[in-house]
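Inspection log for the structure reproduced underneath, given as structure tokens.
The values are calculated or read from the model by the stated rules, or taken from the named source; none is laboratory data. Every value quoted in this text rests on a predicted model; they were computed, and no experiment measured them. Heads up, the Cβs are rebuilt from the backbone with ideal geometry, glycines too, and the neighbour counts pull from every protein chain shown. Ligands, DNA and RNA are stripped out before the accessible areas are found, and what is left, the full protein with its side chains, is counted by its heavy atoms. Shrake-Rupley method; radii C 1.70, N 1.55, O 1.52, S 1.80 Å.
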Amino acid sequence: MSSQTVARRYASALADVIIERGEKDEVRAELVSWGKMISDNRSLLEAFSNPTVAYEQKGKVLNELIARTRVRPTTANFLRIMLKNQRLPELPQVNAKLAQVLDERAGVMSAQVVSARGVSEANKALLEERLAHITGKRTRLSFEIDESLLGGIVTRIGSTIYDGSVRNQLKRLREELAG
């Protein structure tokens, strides 16, 4: 089974629980910081990933970290389940899927916008409004800068790409002139 499929299953199950309990923002924030802690600490990642380290030792380390970080019981239980099923090193992937699942359930569509230069706040709001109109959902935009675009923007919503970059327009013009 692929890690994406596993991540989606864990994320969906967790989303059910945290939405029902009204803890989605808090648990999600705790898990994001845990994912970062595990990813950033090489020895911790190694300990949780290594099959030769006994489960009991991993459990002691996890419980000590849970006690120190004082996370919610829901978060602690989820981390223990991840450890029990030897999936704790995959927490960052589960966190990414959890964000997607929660957005889907809230009717929010994530979109990535790449531009040649920074986008003003007014244009960000206008773009968000237009994308909401196109998709019929609220949108959450993330912005990146890629100077190789020369100008314009490229927007990715799921697997759909809207390429309004100058680089792409020049490429199409070149193909028309050559063909």
| message | Take the residues in segment 94-116 that are open to solvent by 50 Å² or more (accessible area, probe 1.4 Å) and touching a Ser or Thr at 6+ places or on another chain (Cβ under 6 Å); name whichever of them is modelled with the highest pLDDT. | response | Gln112
| If you go through segment 50-80 one residue at a time, how many are within 24 Å of Gln4 (Cβ to Cβ) and either touching a residue at least 60 places away in the same chain (Cβ under 8 Å) or touching an Asp or Glu at 6+ places or on another chain (Cβ under 7 Å) (or both)? | 3
| Can you find a residue in segment 164-171 that is within 26 Å of Asp103 (Cβ to Cβ) and either loosely packed, with under 14 Cβ neighbours inside 10 Å or not hydroxyl-bearing (Ser, Thr, Tyr) (or both)? | yes
| request: Please tell me if Leu177 is without any contact (Cβ under 8 Å) to a residue 24 or more places away in the chain, open to solvent by 80 Å² or more (accessible area, probe 1.4 Å), over 25 Å from Ala11 (Cβ atoms) and not small (Gly, Ala, Ser). | output: yes
| query | How many residues are in contact (Cβ under 8 Å) with a residue 60 or more places away in the chain and under 17 Å from Arg70 (Cβ atoms) when one looks only at segment 8-34? | reply | 3
| query | Which of the residues belonging to segment 151-163 are open to solvent by 90 Å² or more (accessible area, probe 1.4 Å) and closer than 11 Å to Val114 by Cα? | reply | Arg156, Tyr162
| note | Those residues of segment 24-38 that are open to solvent by 60 Å² or more (accessible area, probe 1.4 Å) and more than 17 Å from Leu102 (Cβ to Cβ) come to a total of 1
| message | I'd like to know if segment 13-34 contains one or more residues that are at positive phi, not hydroxyl-bearing (Ser, Thr, Tyr) and not in a helix (DSSP H, G or I). | response | yes
| remark: Checked segment 83-120 for anything under 25 Å from Arg167 (Cβ atoms) and of a type outside the set (Ser, Thr, Tyr); matches are Ala111, Gln112, Val113, Val114, Ala116, Arg117, Gly118, Val119
| query | So which pairs qualify, if the first residue must be in segment 82-99 and under 14 Å from Lys24 (Cα atoms) and of a type in the set (Lys, Arg), the second must be open to solvent by less than 40 Å² (accessible area, probe 1.4 Å) and part of a helix (DSSP H, G or I), the Cβ gap must be under 6 Å, and the two must be at least 6 apart or on different chains? | reply | Lys97/Ala7; Lys97/Ala11
| task | For residues that are without any contact (Cβ under 8 Å) to a residue 24 or more places away in the chain and either of a type in the set (S, T, N, Q) or in a helix (DSSP H, G or I) (or both), scanning just segment 128-147, find the one that is least open to solvent (accessible area, probe 1.4 Å). | result | Ala132
